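Laboratory data are not the source of any read-out in this text; all were calculated from the coordinates shown. What you see is a predicted model, and the numbers here were worked out from it, not measured in a lab. Using ideal geometry, Cβ is built from the backbone for each residue, glycine included, and neighbour counts are taken over all protein chains shown.
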Amino acid sequence: MLIYFIILLIIVLLGLILKPNFASNNTNKKIFIIITFILLFCVSGFRNKNVGVDTLQYYNAFKRISLIDISNFNVFRYEYGFTFLCWILSKISNNPQILLIVTSFFINYSILRFIYKHSNNVFISVLIYVLLNFYFSYMNIMRQAIAISIVLWGYDFIIENKNIKFVLTCLFASLFHESALLAILLLIPNYFRFNKKMLFCVFVFVIVAFFYGEKFFIFLSNYSPRLLEYTNSKYNVSNYFGALLDALVYVLTYIIGLLTIKKNSNQLSNIKAIKEKNMMLGILGMACIFQSLVIKVSIFNRFSPYFTIFIILWIPHTIEKITNKKRKTLYYLTLLFIFFLYWLIIMLFRPQWYGVVPYSLFIWGGNMNIYLIDEGIDRIGGVERIVSILANDFANENKVKVISEFKNRKKPFYEYNSKIEIEYLIKNVDTKLNKISKKNIIFYFIKLIEKCTKKFVLPFKILKTIKTIKNDDVMIFARVSVALDFISILNYKKIHPIIVVRDAAIIECLNKKQKTKLKNFFPKYVNYFIVSSEESKKKYQKVLGNKIIIEKIYNPLGINPIKKYNYNAKKIISIGRLHPQKGFDTLIRAFNYVAKKHSDWILEIYGNGREEFKLKKLIKENRLENKVKIINSTKDVVKVLNNSSIFVMASRYEGYANALVEAVSCGVPSVTFNWLSGAEEIISHQQNGLIVKLYDRNTYFRGDSNKRDEKNLADSINYLIENPQKCNHFSNESINVYKSREINNILEKWKKIINEVKENLTNE
């Protein structure tokens, strides 16, 4: 919104400095118009496609039209003139922004030329053009704005009594918007003199239009197939408040103008002045009638712009007739103040009418190249799911490539848009460890291969990839460890792309060498660092200080939760990859206590990973084969959660617990340890779940298991089993977790970062 205040301020300052309305300062008048044109053109022509309610529609229309042959123009609902314009421009550039640039240039040039040639006060006319939102409106009604601009070029023919040429001009304008045919009515003042009787008729028509506008529309639609299409559409309703406000502006301005002309009618001594007066009276009278019709049926808003635009001439035309300078100044200041309030109210309270707030610039060259990089994007886990969500969303507006350091399976577990390019650097041998015992020598042989591959082969693969990266590309890393792998080589190659790092892991997970790299490289290369909890943010800020922007953004909830759980199922579940981090060994031992007290309850663990062999062995050792099941990961997480009674997370650490968020969002009563970061941001103890305090968080983080922790976890599970009313309470209190992590809210925060990146690139 700030940019529009700046526009107004510059126009006002230019008007006060140049004083363009004095006859002796014709040069100043030209300078004022030229500078104003450049200002208005640049802001509208170089706006982002999301600025303006209809801009994106025309953006997409350009893309579709650019793909067709000239012989197939009839397949589009758009007029031939506009379709041909898009088609021609597409041969110059395939970037739709060229349409906004060319149309904005033509529209604003035409309007300001019209003001320069016909206004009695160009300064006031320009202010009215902006304050009464013609400028904003023309960012939306692009086709019609082109048609209006062409009609205004034809206004010279009306003044010169070249009526046939004006009709031909209107016909040409209708090639861009059919409604331009109505502009032929501008000729009416040439054939009728607007005396008192005619003015009385105008006000009668205004009143009739207000009360019977809808019936008039239905009457017309019976004779017009085109209008009939709108009878049951969104255009057969009206924004009553907005239309009423607009109508009042025009009717009151019309009345004030009439009174001013009446008091100063003695000045109309020559034929040209009398004709000019008659033209203004007739055109603004029709503007009042059409605006009154809009109050009842908004489709008439398609017709009124051909008449309402003349208010930018009407006001200077009437007020400039006042000889008393003080009174003239007072009239101008009063009207401009009212118009400014009108503009300000809409900007503050109804910005959605035009969709021009917030304003953002576009980046020429089209879509940004965005690289999303992870360790293994085809694995099953929260990070991998987040990468797929972000990639699919970014691919709507940008060129996206997903890079995975390792390939673990034939195809990704989570779905990716077909437009997204996926590249794997190395085939991972780690997956073969899932079902091999550590007692087997093959286990250690595979681990050795894995270690050598990461140390010697991976850097060369990364280097090859980095050679394709440009300085204006955006690299988004899913983990700090992966970011450090790439940044180390970026530092060597002296390449500076935009880098965004997100990490749900905690700083304690980094080794000493990684922490050193973090301090040295992140302030130099990383533009944004995204963490998923307030505690993580504080810990990273302690290390990095204020040298880097650290933002907290929760991981988006990748499910549409159905708030339901099944207490009668007597089923405890846990979800996560089978890794020591997830603490499934502790959970199984804790459940051993639960099973002894509640033998009819079972535990199901959903996940895949290298701990599968070890966990199954532990289940067997505790004779829980009939009570505990390990089940493969599933995409239908909601179904699993809805058929469960209690969710338990026994993790040793979590940066962001996706599975816990999903469980709470589905209303499943949940129990979790107070791991090193962020548990309290998901679970409020005794409000929407239970937090079990660890005896020693640091010891548990390192992988040790404490019988006291196992017993405390079992006690909390038993508490929920024995208190179904408490489970219901937790379920009902879970909705706030979903709201704060809802996917659209999170993606909006990511889009804000990407937009900031784009703005920074533009400024550079």
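Structure values in brief
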{"item": "When each of K538/K751; K30/K117; K693/K726; K515/K538; K411/K749 is checked by Cα-Cα distance, pairs over 21 Å", "result": "K538/K751; K411/K749"}
{"item": "By average C-beta atoms within 10 angstrom, highest first, the peptides 580-591, 710-721, 329-340", "result": "580-591, 710-721, 329-340"}
{"item": "Ranked list, fewest to most other Cβ atoms within 10 Å of each Cβ, for Y424, Y254", "result": "Y424, Y254"}
{"item": "Where a label projected 7 Å from the Cα of F349 along Cα→Cβ would reach, residues of the range 111-145 with amide N under 19 Å", "result": "131-133"}
{"item": "Calculated log₁₀ intensity ratio I(q)/I(0) where the Debye formula runs over C-alpha points of the range 491-530, q = 0.26 Å⁻¹", "result": "-1.02"}
{"item": "Aspartates and glutamates whose Cα lies under 15 Å from that of K711, excluding same-chain neighbours fewer than 8 positions away", "result": "D585, D696"}
{"item": "Computed magnitude of the charge dipole of the range 567-741 (debye, nearest 20; Cβ of K, R +1, Cβ of D, E -1)", "result": "440"}
{"item": "Square roots of 5 times each gyration tensor eigenvalue, C-alpha, the range 43-162, largest first, Å", "result": "28, 18, 11"}
{"item": "Positive-end residue, the range 567-741 charge dipole about Cα centroid, Cβ charges, pick of Y567, T586, V668", "result": "T586"}
{"item": "Most to least packed among 685-693, 107-115, 662-670 [average Cβ atoms within 10 Å]", "result": "662-670, 107-115, 685-693"}
{"item": "Label-point separation, K639 to C452 (7 Å along Cα→Cβ), nm", "result": "4.4"}
{"item": "Computed lengthening from K91 to K427, 0.36 nm per intervening residue step minus Cα-Cα distance", "result": "116.6 nm"}
{"item": "Protection-proxy order for peptides 93-105, 648-660, each taking the mean of Cβ atoms within 10 Å per residue, highest first", "result": "648-660, 93-105"}
{"item": "Dimensions (Å) - the range 567-741, Cα atoms, principal axes, largest first", "result": "40, 35, 31"}
{"item": "Residues N626 and E178, FRET efficiency given R0 of 56 Å [Cβ-Cβ distance, rounded to 0.05]", "result": "0.15"}
